[in-house]
Amino acid sequence: MTRILILQGHPDSTWPHLDHALADAYAEGATAAGHEVRRVEVAKLDFPLLRSAEDWQHGALPASLADAQAAIEWCEHLVILFPLWLGDMPALLKGFLEQVARPGFAFEHGTAASPFGAKRLRGRSARIVVTMGMPALVYKVIYRAHSVKSLERNVLGFVGFAPLRETLLGGVGEADATRVGGWCTEMRRLGRSAT
């Protein structure tokens with residue numbers, strides 16, 4: 001059994017989106033296979049954006065994010081879902097990650113002896129699920145999936161998550177029920193295998 005955290009990064013919680021259906025399907029597959037699942041929906045959390053390095057390094061985590069940060073520490077596998085907006089993750093998700101991935105929790109600063117510091121979230125894997133209007137192949141080949149690579153390298157990998165896997169779903173605006181159903185079937189399969 002694997003402890004799985006599903007982090008819903010869509011910034012609109014007023015009505016269900018494709019990302020919510022994908023998260024539900026992943027959770028269904030994981031639960032059916034006996035994995036323990038927790039969920040965090042960033043759009044339902046109220047927190048300020050960080051505005052200084054001093055606050056990020058030495059400020060207190062907002063109380064509204066304490067449970068979310070504890071869920072990240074609890075999990076063995078993290079699934080992050082978000083729509084691609086202006087070529088990147090939505091600002092609300094980025095702001096959330098900046099708040100929860102603080103020094104002392106996600107990593108330790110380096111020293112002269114070890115300049116890269118300590119990755120405090122080792123032993124956890126992650127899957128990034130990104131939905132987008134453009135074809136996924138265009139995003140991967142032309143844009144080199146730059147924002148996903150940045151998230152993998154500069155956030156998740158930096159704090160110790162490995163292995164990192166991705167699911168890129170393109171052309172979502174034109175997707176019919178059959179195609180969406182296929183994506184949800186794949187999410188259930190991934191949930192069952194906790195990958």
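Computed from the coordinates by the stated procedures, all read-outs in this text should not be read as laboratory data. Computed from a prediction, not measured in an experiment: that's the story for all the values here. Because the Cβ atoms are built from the backbone with ideal geometry, glycine has one as well, and the counts that use them run over all protein chains shown.
Tabulated data
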item	result
Ordering of 173-182, 71-80 by burial proxy (mean other Cβ atoms within 10 Å per residue, highest first)	71-80, 173-182
Length added when fully stretched, F158-A21, from 0.36 nm per residue minus Cα-Cα	46.4 nm
Gain in span if fully extended, A53 to W85, counting 0.36 nm per residue against the direct Cα distance	9.0 nm
Lys, Arg +1 and Asp, Glu -1 on Cβ, resulting dipole of segment 3-193 about Cα centre, debye, nearest 20	620 debye
Inter-site label distance for D67 and S13 at 7 Å from Cα along Cβ, in nm	0.9 nm
Electrostatic dipole magnitude of segment 1-68 [Cβ: Lys, Arg +1; Asp, Glu -1; Cα centre; debye, to 20]	120 debye
Net lengthening on full extension, R165/S150 (0.36 nm per residue, minus Cα-Cα)	4.1 nm
Packing rank of 146-157, 131-142, 53-64, where each peptide gets the mean count of other beta carbons within 10 Å, highest leading	146-157, 131-142, 53-64
For the chain, share of DSSP beta bridges that run antiparallel, in % to the nearest 5	10 percent
Rounded to 10°, Cα long-axis angle of helix 177-193 versus longest principal axis of the chain	50 degrees
Estimated FRET transfer efficiency (T31, R122; beta-carbon r; R0 25 Å; 0.05)	0.45
Gyration tensor verdict on segment 1-123 (Cα atoms; rounded if a/c is under 1.5, prolate if a/b is larger than b/c, oblate otherwise)	oblate
